[in-house]
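**Student:** First the structure, which I've put down as structure tokens, then a few questions once you've had a look.
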Amino acid sequence: MQAVLIEKPYKFVPPITQTWPGNLALKLGVHKWLLKSREGVVDCEVRNADRLKASVEAGHGVMLTPNHCRTTDPMAMCHLSAATAIPFYTMASWHLFNQNARTTFAIRMMGAFSVNREGLDKASVDYAVGVLQNAQRPLLIFPEGTTSRTNDQLMALMDGPSFIARTAAKRRQKKDGGKVVVHPVGIRYLFQGDLDRACEGVLAEIEHKLTWRPSPEKPLVDRIIKIGDALLRLKELQYGILPDNSLTLKQRQNGLVDRLLHPLEQEWIGEHSDAGIAIRIKNLRMKIFPELSRNTLPDAEQKRRWRQLEDTYLAQQIDCYPEQYLTEHPSVDRILETVGKFEEDLNDRCRIHGNTKVIIDVDEAIEVSGKRDRAAKTDALMDQIRARLEAKMFELQSESRMYVARSQ
């Protein structure tokens, strides 16, 4: 499990509000260096930046809500900031502020402030509302709440961005009649290198771990599907689920997730939930983690809760493998994403392949109302954001190369 949960009491970390340090970092191209070293991104294209500039020039409070497929997405969004000469504020997970002093200073310098994803964070929400209410800078929030490494499919969206935007819109309307708008943003990574070469080392390493003989002679997609099936079956066996070939992949995934989460929900919430997996995990972590962070529990109970949190992390990993993702559209990028997820899930890291381009595409503004229809089953603003993001991602998907098998 990656170190996304920090075992110490949460404390809100504000951004550095002066703009010159961030502007200097952008001018020096720090974001470009980080993108290249951490994700192999060597090229970027920013599209429709004029939409963001128009909203800022109109004096609106602006929220940016991109899809979130990779950990480097905030750095990719720096290209949009550089292209428009507009600095952002960014809501970022608290664990990012607990790596080292240099990293903390750097992300605060770029306008990041912390949010406690495992609890109710009034300080962070109030800060975010204030940014929009006063139209200080565009506010960047990733509504999925976590990375998926799945560039063509959204995970469940959290309701937090809607609450922040509506609260700010209500206050702006009362204060001076000003507006709050949301710009969904599509982020698309395009691998431009040799896919077979990029995948071979990863797949051979995984096959060795499975005690298999590597099989580079097999069709690439078939080989990946076979490995994925084996990894899933190993987890099913670990948690006492016997093989059933009559089940679809989605049914198997749901069965394993329920085996992981139902006992935890029964203990911590008192009932099973039918919400989306991301929401179920968030609700559980808000119950399990707070006492861990205060270091007040006996050792045995600490270990038990960390095992429970590891189960929620596994459920989150399973949720990042959409059914038919490879077979319905075997593009170069979907294939490499899937192989990368295998590696990351096994090793908590993913190797860098290079030769990658990122596209940042700003959608039209959505004007935010300060009122919400409480009788509606879903949040209309989040429904709009989701629909816009899915349309943008589908549009950008066409730019990904389809995989053509090399001749043997």
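Taken together, the values in this text are just the output of simple stated rules run on the coordinates, not laboratory data. Nothing here was measured: the structure is a model prediction, and the numbers come from that model. Cβ placement follows ideal geometry from the backbone for every residue including glycine, while neighbour counts extend to all protein chains displayed.
**Student:** For the chain, compute Rh as the Kirkwood radius over C-alpha pairs and then the Stokes-Einstein diffusion coefficient at 10 °C and 1.306 mPa s; write the answer in µm²/s, rounded to an integer.
**Tutor:** Details: Rh = 22.6 Å.
Reported coefficient: 70 µm²/s.
**Student:** Run down the lysines and flag those whose C-alpha is under 26 Å from the C-alpha of Lys392, throwing out any fewer than 8 positions away in its chain.
**Tutor:** Qualifying lysines at Cα under 26 Å: Lys32, Lys36, Lys53, Lys179, Lys250, Lys341, Lys357, Lys377.
**Student:** Using only Cα atoms, tell me the angle between helix 195-209 and the longest principal axis of the chain; keep it within 0 to 90° and round to the nearest 10.
**Tutor:** 60
**Student:** On a 0 to 90° scale, report how tilted helix 220-238 is relative to the longest principal axis of the chain, with both axes built from alpha carbons and the result rounded to the nearest 10.
**Tutor:** 90
**Student:** Highest first, please rank the peptides 111-117, 299-305, 128-134, 248-254 by the mean number of other Cβ atoms sitting within 10 Å of their residues. All intermediate terms of the calculation are to be shown ahead of the outcome.
**Tutor:** Details: 111-117: 24.1, 299-305: 11.7, 128-134: 22.0, 248-254: 15.3.
Answer by packing, highest mean first, reads 111-117, 128-134, 248-254, 299-305.
**Student:** How much length is gained on full extension from Ala275 to Glu217, taking 0.36 nm per residue of separation minus their Cα-Cα distance? Please report the intermediate quantities before stating the final value.
**Tutor:** On the way: separation 58, 0.36 × 58 = 20.88 nm, distance 4.26 nm.
This chain segment gains 16.6 nm when fully extended.
**Student:** To the nearest 20 debye, what charge dipole does segment 195-347 have about its Cα centre, counting +1 at the Cβ of each Lys and Arg and -1 at the Cβ of each Asp and Glu? Don't jump to the answer; show the numbers that get you there.
**Tutor:** Numbers: 22 positive and 27 negative charges, 63 e Å.
Roughly 300 debye for segment 195-347.
**Student:** Same structure again: Of Thr72, Asn23, Gln136, which is farthest along the charge dipole of segment 1-147 in the positive direction, counting Lys and Arg as +1 and Asp and Glu as -1 at C-beta?
**Tutor:** Asn23
**Student:** A follow-up question, please. If one takes the longest principal axis of the Cα atoms in the chain, at what angle in degrees, from 0 to 90 and to the nearest 10, does the Cα axis of helix 73-84 lie?
**Tutor:** Long axis of 73-84 versus the principal axis of the chain: about 40 degrees.
**Student:** To continue, here is another question. So which lysines can Lys8 reach, going by Cα to Cα under 23 Å and dropping same-chain residues fewer than 8 places off?
**Tutor:** In chain and number order, the partners are Lys122, Lys282, Lys287, Lys303.
**Student:** Out of Met402, Gln308, Val13, whose Cα points farthest toward the positive end of the dipole of the chain (charges: +1 Lys, Arg; -1 Asp, Glu; placed on Cβ)?
**Tutor:** Most positive-ward Cα: Val13.
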